[in-house]
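Engineer: Quick one: the structure is below, and I'll ask about it shortly.
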Amino acid sequence: MTVDLQLSPRLVSRALLVRFVSIIGSAIGFFLPLSVVPLFAKQAGSEAGAGLATVALLLATVAAELVTPRLVARVGYRWALAAGLVLLGVPTLVLTFSDDIRVIIAVSVVRGIGYAIAVVAGGAVTALLIPADRRGEGLALVGIVGGIPSLLALPAGVWAAAHWGYAPVFVVTTVATLLALLSVPGLPRHSFSASAKEAGVLAGLRNPVLTRPATLFAVSAAAVGVLVTFLPLAAADQPAWVAASALLAQPAAATAARWVAGRIGDRHGPAWLLVPGLLLSAVGMAGLAFTATPAAVIGGAFVFGAGFGALQNATLTLMYARVPAGGESAVSAIWNAAYDLGMAAGALAAGLVISSAGYPVTFALTAVAILPALLLARRDRRP
């Protein structure tokens, strides 16, 4: 009697390890100065400029994400990723010479474009380096590799600016992205067919099998925008550790959930995770409504993070599975745009409600607003 052993394909290849370098570099390049630039603008005498710099960064990111697939189709993944890293990191050096608000906003715009190119082009090539039947697990691993430096770089930038000044933060940002640039030639080349070049973002946006999971993810991202923007303010009457613990619990749970969701999705299909992810997200946001109870706030953030992490993995895996070879950059662009636009929309909408409704009601309304997405998720059960 013979036994047929089916071995899973190797998840981490040499090429994927090389790609990890640019993932870490772009994460540091984006998040290290993210909260420092508004502080830099404020100390330069422009309160409004602090907000404008972040808005300019995000708007430029979304706009560039939608056109990056055309750039990738024209010059290839490696050249696009290299251009994105350069545009993300090098402009920050200008801030070591000028604190003019017009310069700050211009630098933010260029950095946003660079980040969009790096994320979309890099995300597309990452999908090609992961075995198709282990894509969920692979994307979860990539999320951990990028998530940890992001989580550390954001507070590290603020701490470094307070202790050593702004210039070292801007210099390290440039150095990190340029060092990551050295890894790009180690990535494999990929050619494009004519049909793949035509399958851009606009075609993807007309395709319901892509827009449905992207919409579900945008709904959960909108709730993230509410959480990260207003939770520290809602918990201002509590000890400082409450908000800090909740803001740590959310991404920590999301990172763990992405890994678990990836393994489950590879075995049973990522579409199965959509409804549980939405339900966990709604329950978590409802928990945040009890702003006077630290355990509810931290627990709510943790439960929400678990749901959000599951949706992160499931929606992206599902979208990659639904495009032919060459469509990865369009999926990356649509998914990342859904993330950025969702967060911005959630923060904006909550800001309009909070002044009259208050924080607890706003969190509760956010939880309720997630529920209609369950109807859309039930229509999206196929792999």
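The values are calculated or read from the model by the stated rules, or taken from the named source; none is laboratory data. What you see is a predicted model; the values in this text were computed from it and never measured. Reconstructed Cβ throughout: ideal geometry from the backbone, glycine too, with neighbour counts over all protein chains shown. Heads up: the accessible areas ignore ligands, DNA and RNA and are worked out on the full protein's heavy atoms, side chains in. Shrake-Rupley method; radii C 1.70, N 1.55, O 1.52, S 1.80 Å.
Engineer: If you check Thr61 against the conditions, is it of a type outside the set (A, V, I, L, M, F, W, C), within 25 Å of Thr229 (Cα to Cα), open to solvent by less than 50 Å² (accessible area, probe 1.4 Å) and part of a helix (DSSP H, G or I)?
Structural biologist: Values: of a type outside the set (A, V, I, L, M, F, W, C): yes; within 25 Å of Thr229 (Cα to Cα): yes; open to solvent by less than 50 Å² (accessible area, probe 1.4 Å): yes; part of a helix (DSSP H, G or I): yes.
Yes: the conditions hold for Thr61.
Engineer: When you check Val119 against the structure, is it farther than 25 Å from Val62 by Cβ, open to solvent by 20 Å² or more (accessible area, probe 1.4 Å), in contact (Cβ under 8 Å) with a residue 60 or more places away in the chain and of a type in the set (A, V, I, L, M, F, W, C), yes or no? Explain how you work it out, then say what you get.
Structural biologist: Numbers: farther than 25 Å from Val62 by Cβ: no; open to solvent by 20 Å² or more (accessible area, probe 1.4 Å): yes; in contact (Cβ under 8 Å) with a residue 60 or more places away in the chain: yes; of a type in the set (A, V, I, L, M, F, W, C): yes.
For Val119, the condition - farther than 25 Å from Val62 by Cβ, open to solvent by 20 Å² or more (accessible area, probe 1.4 Å), in contact (Cβ under 8 Å) with a residue 60 or more places away in the chain and of a type in the set (A, V, I, L, M, F, W, C) - is not met.
Engineer: Would you point out which residue out of Gly262, Gly269 is crowded, with 20+ Cβ neighbours inside 10 Å, within 24 Å of the chain's Cα centre (by Cα), at pLDDT below 85 and not basic (Lys, Arg)? If you could, list the steps in order and put the result at the bottom.
Structural biologist: Numbers: Gly269 fails: crowded, with 20+ Cβ neighbours inside 10 Å.
Unique residue meeting the criteria: Gly262.
Engineer: I'd like the full set of residues that are out of contact with any His (no Cβ under 8 Å at 6 or more places or on another chain) and open to solvent by less than 20 Å² (accessible area, probe 1.4 Å), limited to the stretch 124-148.
Structural biologist: The first filter runs over the stretch 124-148 and keeps only residues out of contact with any His (no Cβ under 8 Å at 6 or more places or on another chain), leaving 124, 126-127, 129-148.
Once the filter is applied, which keeps residues that are out of contact with any His (no Cβ under 8 Å at 6 or more places or on another chain) and open to solvent by less than 20 Å² (accessible area, probe 1.4 Å), the stretch 124-148 yields Ala124, Thr126, Ala127, Ile130, Gly136, Glu137, Gly138, Leu139, Ala140, Gly143, Gly146.
Engineer: Among the listed residues Ala41, Ala53, identify the single one that is at pLDDT below 85, crowded, with 20+ Cβ neighbours inside 10 Å and in contact with an Asp or Glu (Cβ under 8 Å, 6 or more places away or on another chain). Give the steps one after another, and end with the answer.
Structural biologist: Values: Ala53 fails: in contact with an Asp or Glu (Cβ under 8 Å, 6 or more places away or on another chain).
None of the others qualify; the one that does is Ala41.
Engineer: Here's a follow-up. Mind listing whichever residues of the stretch 202-223 are at pLDDT below 90, among the hydrophobic types (A, V, I, L, M, F, W, C) and crowded, with 21+ Cβ neighbours inside 10 Å?
Structural biologist: Correct list: Leu210 only.
Engineer: Looking only at the stretch 232-246, how many residues end up being over 14 Å from Phe363 (Cβ atoms) and modelled with pLDDT under 80? Reasoning before the result, please.
Structural biologist: Of the residues in the stretch 232-246, the ones over 14 Å from Phe363 (Cβ atoms) are 236-242, 244-245.
Restricting the remaining residues to those that are modelled with pLDDT under 80 gives 236, 240, 244.
Adding up the residues that qualify gives 3.
Engineer: Suppose the filter is free of Cβ contacts under 8 Å to residues at least 40 places away in the same chain and buried (at least 18 other Cβ atoms within 10 Å of the Cβ); does Gly287 pass it?
Structural biologist: Details: free of Cβ contacts under 8 Å to residues at least 40 places away in the same chain: yes; buried (at least 18 other Cβ atoms within 10 Å of the Cβ): yes.
In short, yes.
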